[in-house]
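**Student:** Here's a structure for you.
No lab work stands behind these numbers, since they all come straight from the coordinates. Keep in mind it's a predicted model, so treat the numbers as computed, not measured. FYI the Cβ positions are ideal-geometry reconstructions off the backbone, even for glycines, and counts take in every protein chain you see.
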């Protein structure tokens, strides 16, 4: 279910991306690497707090639905679907702390680059 929701959000995001102004698209692209590092850093902090990591696995299942039968009649049928299972893995907290420190250093390097790229976007597309 969570996979379907995220797929729907991605689809909506792609559709809306066509509506974004050139400035908005440029800013999004300029800030994307920093946002990705921040997201990963947030996950690592959560892993450290929990003491375990979470692996999500997409598992195929079958669900009952309605299909078109002979002559266009609606007939019950099984359709492929997917569930998401979570597997918890113990982590080495020292290793997670090292990854956090690395990500913080990467983010410190990336933020000035993103700021400069955003300023370039503003200069290139001043009207928005």
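**Student:** If each of residue 21 and residue 115 carries a label point 7 Å out from its Cα toward its Cβ, how far apart are those two points in nm?
**Tutor:** Inter-label distance under the simple model: 2.4 nm.
**Student:** Rg and Dmax of the chain, using alpha carbons, in Å: what are they?
**Tutor:** Calculated on Cα positions, Rg and Dmax stand at 21.8, 64 Å.
**Student:** Quick one: the Cα spread of the range 76-128 along its three principal axes, in angstroms, biggest first?
**Tutor:** Largest to smallest, the principal-axis extents are 57, 46, 8 Å.
**Student:** Here is a follow-up. Would you mind ranking 87, 100 by Cβ crowding within 10 Å, fewest neighbours first?
**Tutor:** Numbers: 87 10, 100 16.
Lowest count first: 87, 100.
**Student:** Against the globular-protein guess of 2.2 N^0.38 Å, express the Cα radius of gyration of the range 41-91 as a ratio, rounded to two decimals. If you can, show how the numbers build up before the last one.
**Tutor:** Numbers: Rg = 19.4 Å, N = 51, 2.2 N^0.38 = 9.8 Å.
With N residues counted in the range 41-91, Rg over 2.2 N^0.38 Å equals 1.98.
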